[in-house]
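The values are calculated or read from the model by the stated rules, or taken from the named source; none is laboratory data. The shown structure was predicted, so the numbers you read here are calculated from the model rather than taken from an experiment. No Cβ is skipped: glycine too gets one built from the backbone with ideal geometry, and neighbour counts run over all protein chains shown. Please note that ligands, DNA and RNA were not included when accessible areas were found on the heavy atoms of the full protein model with its side chains. Shrake-Rupley method; radii C 1.70, N 1.55, O 1.52, S 1.80 Å.
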Amino acid sequence: MKMRLPLALITNVRLLSSGFRIGHWIHNGVTKTSLLKWIKPVGFDTGVKTYNSLTKQKEPLVLAQERIATWYSCGPTVYDHAHLGHACSYVRFDILQRILSRLFEINVIHVMVITDTDDKIIQRSLEQNISPTVLARMHEEEFKRDMQALRVLPPAVYMRVTDNIPQIVAFIEHIIGNGHGYVTSQGNVYFDTQSIGNRYGKLVNLGGIVGELGAQDKRDPRDFALWKASKPHEPHWESPWGQGRPGWHIECSTIASSVFGSQLDIHSGGIDLAFPHHENEIAQSEAYHQCEQWGNYFLHSGHLHLKGSVEKMSKSVKNYVTIKDFLESYTANEFRLFCLLTRYRSAIDYSDASMNKARSTLSTISAFCHNAQAYMQGHLLCQPIEEGILWERLSATQSSVRKALADDFDTPKAVYAIMSLIHHGNCQLQPATKVDGPRCPAVFGAMLSYVREILGVFGVDLLDRKEVHDSSGVLNNVVEELVHFRSKVHKFALSVEDQASQNPQTGSEIQKRHPQRDRVPLLKACDALRNNLAPLGVHIKDRGTNSTWEITRGGETRKN
């Protein structure tokens, strides 16, 4: 999968409040300094601020077209199974896209590339003695299934590199024609970084000259391959420079430009792709289009680490968990809560403790939804509700959540506001045996609807539509009838009789109420049924003379 380590020494970037960045690098023994300015786009201001890797600070998100965001992301290199590190990046950006589209009403047009020809694909196909094409297709389909299982919305279109070779060749020809590429005697084509002067280094400061490994025919160590001459037994295509295949970076520039042209609103990927991949994309795209700024916003997600490890999760250090293995222990909803509890651009620690925190948070949310629904149905009796306070809390929460998400998609702050609302709701949903005063189901209906809606914006499905099968309606009805029958028996078993006894001090009679002895076995049987069904995923809660129930499957819940 495309999660690669940088090839250059990246130094700290100094920022000026005006949005200028001062970049330093060494060339031919001379230190050069450039003043690189980000050009604020002109167009539709979304009201959202996002951290832009081009300026290293939050910037207003301004789109070229009203309520339309063009978004390109680097997809997987399909040579192996996707792991949780990949999933974390894709889920986080899926959450961001959902927030833009469902909360801020932005139509996100997302394009993702599938890298299906690459050194790793070729090497793995040789090891397994199968065609590189077959290997790539197998893992491409597995990747799509994994994303579906994690509820990651598919892009508007997936684009394969091998389906775009003619476009890539034409793109390279145009770069050469503009004076920014050269062909070597070995049939390789390189981007000429010297040709763009101090414009190279928009994303990172280059503290030294470190280029792609293994290349001996380049003019400058920083130059990178646009086209690689073919080697024996490798996949290859025809080109004006001989048989070969595309370099790594050119595929993204070509495909993004083929869909979006010379201007792109948002480009996303893991932080490890900032250099050299995204840096080189910028260089060759601006050289092709002869423009000052190709991509307006670069968004990068933080790495996923195993708890206690400084290394990111990756196959190279063999510290990864596949998505398939992960979903045997946890659910898509729990993983999304795990991602929501940390800022998308921050590193995130994966452990049983962090997943249990996500599971506990989801359980608290589900329990509130269940109790609020039970109160609305009249199954949960409470003391009079302070309705005005809850309406005020709901309104304040809605405002706080929107404000947090407009501030660089601050999901931890948004989740905190939601959990605070739930806490205040739970404080008033305390069971009572006797109720004096009017009921207030409407406010809990509004709170329940909002919690479901905002969690739905994040891709957390509290209604469990994913696991609804043809038989689920029958199962619900069976459980409903079972619980209804048990409630009648339970109510009958709880009936009491008055027994007279004499006060030894006064001699007067005292009336005591006791369960009727012949009905105690029924009461015990009702308790046994409730306890025995719980491990099977059917949870019954007795609320006085009424009962409510919920079905849980692997952490997912259906309720009544």
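Looking for whichever is in the same structural domain as ASP272 (by the TED database), open to solvent by 30 Å² or more (accessible area, probe 1.4 Å), touching a helix residue (DSSP H, G or I) at 6+ places or on another chain (Cβ under 9 Å) and basic (Lys, Arg) here; the options are ARG137, ARG102. Which one fits? ARG102 is the lone residue from the list that is in the same structural domain as ASP272 (by the TED database), open to solvent by 30 Å² or more (accessible area, probe 1.4 Å), touching a helix residue (DSSP H, G or I) at 6+ places or on another chain (Cβ under 9 Å) and basic (Lys, Arg). Against the condition within 20 Å of VAL460 (Cβ to Cβ) and outside the structural domain of GLU453 (by the TED database), how does ILE365 come out, does it pass? For ILE365, the condition - within 20 Å of VAL460 (Cβ to Cβ) and outside the structural domain of GLU453 (by the TED database) - is not met. Among the strands (runs of 3 or more DSSP E) confined to segment 103-209, the ones with at least 2 residues that are among the hydrophobic types (A, V, I, L, M, F, W, C) are located at 107-115, 157-160, 189-191.
Looking across segment 487-501, just one residue is in a helix (DSSP H, G or I) and modelled with pLDDT under 80, and that is LEU494.
Against the numbered list (1) touching a Pro at 6+ places or on another chain (Cβ under 7 Å); (2) open to solvent by less than 30 Å² (accessible area, probe 1.4 Å), PRO132 comes up short only at (2). With respect to the conditions (1) surrounded by fewer than 18 Cβ atoms within 10 Å (Cβ to Cβ); (2) within 30 Å of GLN57 (Cα to Cα); (3) among the hydroxyl-bearing types (Ser, Thr, Tyr), TYR450 falls short on a single one, namely (2).
Rundown of residues vs (1) closer than 20 Å to VAL457 by Cβ; (2) part of a strand (DSSP E or B), yes/no style:
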site	(1), (2)
VAL42	no, no
ASP45	no, yes
VAL48	yes, yes
LEU54	no, no
GLY75	no, yes
ALA87	yes, no
VAL91	yes, no
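Just to be sure before I move on: is ALA442 small (Gly, Ala, Ser), under 15 Å from GLU386 (Cα atoms) and open to solvent by 50 Å² or more (accessible area, probe 1.4 Å) in the structure I sent? Considered against the rule, which asks whether it is small (Gly, Ala, Ser), under 15 Å from GLU386 (Cα atoms) and open to solvent by 50 Å² or more (accessible area, probe 1.4 Å), ALA442 comes out as yes. Here HIS81 clears all of (1) modelled with pLDDT of 95 or more; (2) open to solvent by 20 Å² or more (accessible area, probe 1.4 Å) except the condition numbered (1). Taking residues in segment 56-70 that are assigned by the TED database to the domain that holds LEU299 and at pLDDT 95 or above, and partners anywhere that are part of a strand (DSSP E or B) and among the acidic types (Asp, Glu), the pairs with Cβ atoms closer than 7 Å and at least 6 places apart or on different chains are PRO60/ASP45; VAL62/ASP45; LEU63/ASP265; ALA64/ASP265; ALA69/ASP265; THR70/ASP265. Among the residues of segment 378-388, is there at least one that is within 20 Å of the chain's Cα centre (by Cα), more than 30 Å from PRO60 (Cβ to Cβ) and either acidic (Asp, Glu) or open to solvent by 20 Å² or more (accessible area, probe 1.4 Å) (or both)? No; the residues of segment 378-388 include none that is within 20 Å of the chain's Cα centre (by Cα), more than 30 Å from PRO60 (Cβ to Cβ) and either acidic (Asp, Glu) or open to solvent by 20 Å² or more (accessible area, probe 1.4 Å) (or both).
Would you check if there is a residue in segment 39-56 being in contact with a Ser or Thr (Cβ under 8 Å, 6 or more places away or on another chain) and either open to solvent by less than 30 Å² (accessible area, probe 1.4 Å) or closer than 20 Å to SER253 by Cα (or both)? The answer is no, given that none of the residues of segment 39-56 is in contact with a Ser or Thr (Cβ under 8 Å, 6 or more places away or on another chain) and either open to solvent by less than 30 Å² (accessible area, probe 1.4 Å) or closer than 20 Å to SER253 by Cα (or both). Among the residues of segment 384-405, those that are in contact (Cβ under 8 Å) with a residue 24 or more places away in the chain and farther than 11 Å from VAL48 by Cβ comprise PRO384, ILE385, GLU386, GLU387, ILE389, LEU390, TRP391, ARG393, LEU394, THR397, GLN398, VAL401. Picking from ASP408, ASP349, which residue would you name as being in contact (Cβ under 8 Å) with a residue 24 or more places away in the chain and open to solvent by 50 Å² or more (accessible area, probe 1.4 Å)? Matching residue, one of ASP408, ASP349: ASP349. For segment 150-170, a residue qualifies if it is in contact with a helix residue (DSSP H, G or I) (Cβ under 6 Å, 6 or more places away or on another chain), open to solvent by 20 Å² or more (accessible area, probe 1.4 Å) and farther than 20 Å from SER268 by Cβ, and exactly one does: GLN167.
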